[in-house]
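The values are calculated or read from the model by the stated rules, or taken from the named source; none is laboratory data. This is a predicted model, so every value here is computed, not measured. Reconstructed Cβ throughout: ideal geometry from the backbone, glycine too, with neighbour counts over all protein chains shown.
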Amino acid sequence: MTKYLISFPAPAMEVPEADMPAVSDAAHEVIRAAKAAGVYVFGGGINDGVAPRMVAADGTVTLETYPQTEQLDGGFCVLELPSQEAAIEWAARIAAACRCSQELREFGYDPES
């Protein structure tokens, strides 16, 4: 089975504040369904209250990030699924719950991981 990353950037979720409890409930229901189906690996949201840190090979830590990932925020989950079609179905369920399109990416297979 293949692992898939299903994610969205925070600005994509344009939901009125009053609707957020319903969105949260719907998203949690999809995650509960993924867990019940045995396909859930892990997920969550990027904590935008904590600045990213760059850690060098020598252990040096700086408060920065790669320019390409400056806008990395929002929510994500990783599901392990039998096909890309199944991944698209789960991404559509998450998109409906979160009220925004989801980006779908496939992890490359690595027998060591």
Residue by residue through the stretch 11-37, note down the ones that are hydrophobic (A, V, I, L, M, F, W, C), under 13 Å from R99 (Cβ atoms) and in contact (Cβ under 8 Å) with a residue 60 or more places away in the chain.
A12, M13, V15, V23, A26, A27, V30
Could you give every pair whose Cβ atoms fall below 6 Å, whose first residue belongs to the stretch 69-89 and is surrounded by 12 or more Cβ atoms within 10 Å (Cβ to Cβ), and whose second residue is of a type in the set (S, T, N, Q), counting only separations of at least 6 or pairs across chains?
F76/S7
Those residues of the stretch 1-21 which are surrounded by 13 or more Cβ atoms within 10 Å (Cβ to Cβ) and not charged (D, E, K, R), in sequence order:
T2, Y4, L5, I6, S7, F8, P9, A10, A12, M13, V15
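Is it fair to say V30 is modelled with pLDDT of 95 or more, touching a Lys or Arg at 6+ places or on another chain (Cβ under 8 Å) and surrounded by 11 or more Cβ atoms within 10 Å (Cβ to Cβ)?
Yes; evaluated as a whole, the condition is true for this residue.
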